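Below: one structure, written as C-alpha cells.
The values are calculated or read from the model by the stated rules, or taken from the named source; none is laboratory data. None of the values given here were measured: they were computed from a predicted structure. With ideal geometry, Cβ positions are generated from the backbone for all residues, glycine too; neighbour counts draw on all protein chains shown.
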Amino acid sequence: MLNILVAASVALSSLVGPAWDPGGEPTDEKITASLEAINGSGCPVDSVTVVPYSDNTGIVLSYSSFYVQRGGDSTVIQGYQNCNLDIRMGVPAGFTFAISKAVYYGYAFVLPGATAKLVAKYNYQGQPPVTSSHIINVDSPFDDNWTVIDEFPVPNLSWAPCGEDIILTDAFELRVQPYGPSSSPTDVSFVTVNKSDHSIRTELNFVWAECSE
C-alpha cells in the first residue's frame, strides 16, 4: 500500500508580513509551548500534549483520542470530531515567528461511497482564522496511512506580535461523509489521527525573523 499525500498552499493575503527578511534563527533561548485551553469532541481534557522542537523550528501535538466513523451502528455524531487548541507560545526576546507549514498524519479505511475530510484553522489571538480543507481519500476504497500538508507562502505569512507571549490557535476537524448509493449501510468507514504504527501527531513548523526596533 502507498501512503497518500495531500498538499495545499494556503494564502494569507489579508495579513501583512514584516518589513524585515524572514528565515532567521532565534537565539539559543528555547521557545516554550503549553496548552492554555482545549476543547472539542475529538480531544477531551488531558488527551493532547504539546512539545517544542529542540531547535525552535516548530512544535509537535500528540493526541490520545481522535476517531471518526460512519456506517454500521454508528450515529451521525460519530461521523464528526473536532479539536480546538489554544497554545501559549513563549518566544525569545527580539524575535517573531510565523507558521510556514502544518503537517497532519493519520490512517483511514474508507469504503466506496464514503469520503474522509480534514478541515484545519490557524490564527493568533485577535486575528481572523485561515481555513484549509482537504479530501483525505482521493480514491475509494482507501485503506492506508495519510498525510495532509498545509504550506504558507513566504510573502503572505502571518507573523506573531513581537514582545509578548502569543496565544496560537490550532483547530481541526475530521469527517466521514454520508454513504453514496453504492455503499451498504452495514459497512463501516473510519478516519483517525493514529497511523498504523500508532504514532499520533500534528506538526506545526515555524520560520523566524528579528523584530524591528
Worksheet, complete the sentence: When every residue in region 34-58 that is in contact (Cβ under 8 Å) with a residue 60 or more places away in the chain and not polar (S, T, N, Q) is compared, the one farthest from Ala160 (Cα to Cα) is Gly42
Response to the item:
How many residues of region 132-171 are surrounded by fewer than 16 Cβ atoms within 10 Å (Cβ to Cβ) and at pLDDT below 90? The answer is 10
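In region 123-137, is there at least one residue being over 19 Å from Ala171 (Cβ atoms) and part of a loop (DSSP other than H, G, I, E, B)? Spell out how you get there, then give the answer.
Residues of region 123-137 over 19 Å from Ala171 (Cβ atoms): 137.
Pick out the ones that are also part of a loop (DSSP other than H, G, I, E, B) and you get 137.
Checked region 123-137: at least one residue is over 19 Å from Ala171 (Cβ atoms) and part of a loop (DSSP other than H, G, I, E, B).
Can you pull out the residues in region 142-163 that are hydroxyl-bearing (Ser, Thr, Tyr) and not in a strand (DSSP E or B)? Show your work before the answer.
Taking region 142-163 first, the residues hydroxyl-bearing (Ser, Thr, Tyr) are 147, 158.
Passing the criteria: only Ser158.
If you go through region 42-78 one residue at a time, how many are crowded, with 17+ Cβ neighbours inside 10 Å and either part of a loop (DSSP other than H, G, I, E, B) or in contact with a Gly (Cβ under 8 Å, 6 or more places away or on another chain) (or both)? Spell out how you get there, then give the answer.
First pass over region 42-78, keeping only residues crowded, with 17+ Cβ neighbours inside 10 Å: 42-43, 48, 50, 52, 56-59, 61, 63, 65-66, 68-71, 78.
So of that shortlist, the ones also either part of a loop (DSSP other than H, G, I, E, B) or in contact with a Gly (Cβ under 8 Å, 6 or more places away or on another chain) (or both) come out as 42-43, 52, 56-57, 63, 65-66, 68-71.
Of the residues in region 42-78, 12 are crowded, with 17+ Cβ neighbours inside 10 Å and either part of a loop (DSSP other than H, G, I, E, B) or in contact with a Gly (Cβ under 8 Å, 6 or more places away or on another chain) (or both).
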Worksheet item: Within region 118-128, is even one residue surrounded by fewer than 18 Cβ atoms within 10 Å (Cβ to Cβ), modelled with pLDDT under 90 and among the aliphatic types (A, V, I, L, M)?
Response: no
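Here is a yes/no grid of residues against (1) at pLDDT below 85; (2) in contact with a helix residue (DSSP H, G or I) (Cβ under 8 Å, 6 or more places away or on another chain); (3) acidic (Asp, Glu):
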{"residue": "Val16", "(1), (2), (3)": "yes, no, no"}
{"residue": "Gly24", "(1), (2), (3)": "yes, no, no"}
{"residue": "Asp28", "(1), (2), (3)": "yes, no, yes"}
{"residue": "Asp46", "(1), (2), (3)": "no, no, yes"}
{"residue": "Tyr80", "(1), (2), (3)": "no, no, no"}
Discussion item. Give me the residue from region 89-111 that is surrounded by fewer than 21 Cβ atoms within 10 Å (Cβ to Cβ), more than 16 Å from the chain's Cα centre (by Cα) and part of a strand (DSSP E or B) and, out of that set, modelled with the lowest pLDDT.
Written reply: Phe95
Item to complete: Specify the residue that is farthest from Glu151 (Cα to Cα); the eligible residues are those in region 59-78 that are more than 14 Å from the chain's Cα centre (by Cα) and in contact (Cβ under 8 Å) with a residue 60 or more places away in the chain.
Response: Gly72
